[in-house]
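The values are calculated or read from the model by the stated rules, or taken from the named source; none is laboratory data. Keep in mind that what you see is a predicted model, and the values were worked out from it rather than measured. Glycine gets a Cβ as well: all are built from the backbone with ideal geometry, and neighbour counts include every protein chain shown. Just the protein is used for accessible areas: all its heavy atoms, side chains included, with ligands, DNA and RNA removed. Shrake-Rupley method; radii C 1.70, N 1.55, O 1.52, S 1.80 Å.
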Amino acid sequence: MTKPLKQGAVIGILGGGQLGRMLAVAASRMGFRTHVFEPQENPPASHVSDLVTTAAYEDTEALSKFARSVDVITFEFENIPSEALNIVEAICNVLPARNALKTSQDRLIEKEFLTNLNLTVAPYANIETEEDLTQAIKIVGFPSILKTRRFGYDGKGQFKIKNETDLKNSWAKLKNSPCVLEGLVNFTKEISVIGARNQDGEVVCFDPGENLHRDGILHTTTLPANISASQNIDAVLLTGKILNALNYVGVMGVELFVTKDGLLINEIAPRVHNSGHWTQNGCVIDQFEQHIRAISGWPLGDGKRHSNVLMTNLIGSEVLDVETLSRDTDVGIHLYGKADAKDGRKMGHINKILN
Ligand code: AMP
């Protein structure tokens, strides 16, 4: 059995966005202190953390100092520069470990990893050179989606492709960077599973949620998902398989397409996930506490859902409706403390209890 971190231990969080903020709140509730590392001034997580380092990921001295000041390091986003990880990893334990980040930072490596596990993904082809375009068309065909292998999020860095001209133009728009061409999946719905694994290899998954996107950004997650019992268990089992294969420690989000032929994996995120925010009001132990439990050697919560929930993201000016929303006593409100309600910016979310 892993020895749990002592009360008052410091949890380092790379990234100070809303996910870091909610991780810091959970850590604080559990008697830990937090230290956030974030290049930007005044990030959401800084309002609720004990310590904040404002420095670039290239600032090796600041990274070393940060790593020396904490007992374990975790992160809230997957695009942490590899040189920054080299520095902190040499000083302090980083969880989830490097292999999970390496796998999910690059869509090609991720798809190869999943395929090797005998899990199903959309047909795909790697594109690095002009010649690869012709080969990719042969393998994947049209309609398809061209995605950058790295640094894509919320539908950014991807284009729908209808023909060869589209493909050439879109690849040029993506500056001929390494991409994957993916077959367009004719899905009936999108679901996701938030799973957790701790240092003793204990695995627990929350129930699959049903996701609706708007303009490439998650709009709502509904629990329970309207899927069959066998789809439900398939989704949970494949999440467990991924967690075990990576020897993973922490919470992970697995995004899936439901098709008439079964489940396809869209992508995995080695961190707490927007589609798991419903757990804050639908479960006794939510995804943020679950993650902190996993990385600090506590037993995991059992993932049980006590309520049906509709999670809705508040994007941009939608946050201005909060006064009206707050009159509904069945609604849990979670705001991120961001100053500008810019278009497309995630400002907060609400969890409406449905039962
Ligand atoms: P991603 O950034 O890969 O999570 O994609 C964002 C959203 O685009 C997904 O949630 C889907 O709604 C849609 N999408 C991505 N890839 C595909 C695909 N191969 N087929 C159909 N829709 C897709």
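Taking the conditions (1) surrounded by 13 or more Cβ atoms within 10 Å (Cβ to Cβ); (2) away from the ligand (no atom under 12 Å from the Cβ); (3) free of Cβ contacts under 8 Å to residues at least 40 places away in the same chain in turn, Ala229 satisfies each one other than (1). The single residue among Ile268, Ile242, Ile292 that is under 17 Å from Leu95 (Cα atoms), within 13 Å of the ligand (Cβ to nearest atom) and at pLDDT 95 or above turns out to be Ile268.
Got at least one residue in region 44-54 being over 26 Å from Pro4 (Cβ atoms) and open to solvent by less than 60 Å² (accessible area, probe 1.4 Å)? Within region 44-54, one or more residues are over 26 Å from Pro4 (Cβ atoms) and open to solvent by less than 60 Å² (accessible area, probe 1.4 Å). Out of all the residues in region 56-85, which are open to solvent by 70 Å² or more (accessible area, probe 1.4 Å), touching a helix residue (DSSP H, G or I) at 6+ places or on another chain (Cβ under 9 Å) and in a helix (DSSP H, G or I)? Across region 56-85, the qualifying residues are Thr60, Glu83. What do you reckon, is Asp302 touching a residue at least 24 places away in the same chain (Cβ under 8 Å), among the acidic types (Asp, Glu), out of contact with any helix residue (DSSP H, G or I) (no Cβ under 9 Å at 6 or more places or on another chain) and closer than 30 Å to Asn247 by Cβ? Yes. Criterion applied to Val254, Val258, Val272 was being in contact with a His (Cβ under 7 Å, 6 or more places away or on another chain), among the β-branched types (Val, Ile, Thr) and in contact (Cβ under 8 Å) with a residue 12 or more places away in the chain, and the one residue passing it is Val272.
The set of residues from region 275-285 being open to solvent by 20 Å² or more (accessible area, probe 1.4 Å) and either in contact with a helix residue (DSSP H, G or I) (Cβ under 8 Å, 6 or more places away or on another chain) or part of a strand (DSSP E or B) (or both) comprises Gln280, Ile285.
Selection of region 224-262 for residues being under 23 Å from His213 (Cα atoms) and among the small types (Gly, Ala, Ser) yields Ala225, Ser228, Ala235, Gly253, Gly262. All conditions in (1) away from the ligand (no atom under 12 Å from the Cβ); (2) in contact with a helix residue (DSSP H, G or I) (Cβ under 6 Å, 6 or more places away or on another chain) hold for Pro178, with the sole exception of (2). Residues of region 106-159 that are open to solvent by 60 Å² or more (accessible area, probe 1.4 Å), closer than 29 Å to Ser275 by Cβ and more than 15 Å from the ligand (Cβ to nearest atom): Glu112, Asn116, Asn118.
Restrict the check to region 184-194 and report whether at least one residue is open to solvent by 30 Å² or more (accessible area, probe 1.4 Å) and either part of a helix (DSSP H, G or I) or away from the ligand (no atom under 12 Å from the Cβ) (or both). No, region 184-194 contains no residue that is open to solvent by 30 Å² or more (accessible area, probe 1.4 Å) and either part of a helix (DSSP H, G or I) or away from the ligand (no atom under 12 Å from the Cβ) (or both).
Quick check on Ala100: is it more than 15 Å from the ligand (Cβ to nearest atom) and either touching a Phe, Trp or Tyr at 6+ places or on another chain (Cβ under 6 Å) or modelled with pLDDT of 95 or more (or both)? Quick ask: steps written out before the conclusion?
Values: more than 15 Å from the ligand (Cβ to nearest atom): yes; either touching a Phe, Trp or Tyr at 6+ places or on another chain (Cβ under 6 Å) or modelled with pLDDT of 95 or more (or both): yes.
Yes.
When you look at Thr259, is it open to solvent by less than 10 Å² (accessible area, probe 1.4 Å) and within 15 Å of the ligand (Cβ to nearest atom), yes or no? In short, no. Inspect all residues belonging to region 223-241 and state whether any of them is in contact with an Asp or Glu (Cβ under 8 Å, 6 or more places away or on another chain), assigned to a strand (DSSP E or B) and not acidic (Asp, Glu). Yes, region 223-241 has at least one match. With respect to (1) touching a Leu at 6+ places or on another chain (Cβ under 9 Å); (2) free of Cβ contacts under 8 Å to residues at least 12 places away in the same chain; (3) of a type in the set (D, E, K, R), the lone exception for Glu131 is condition (1).
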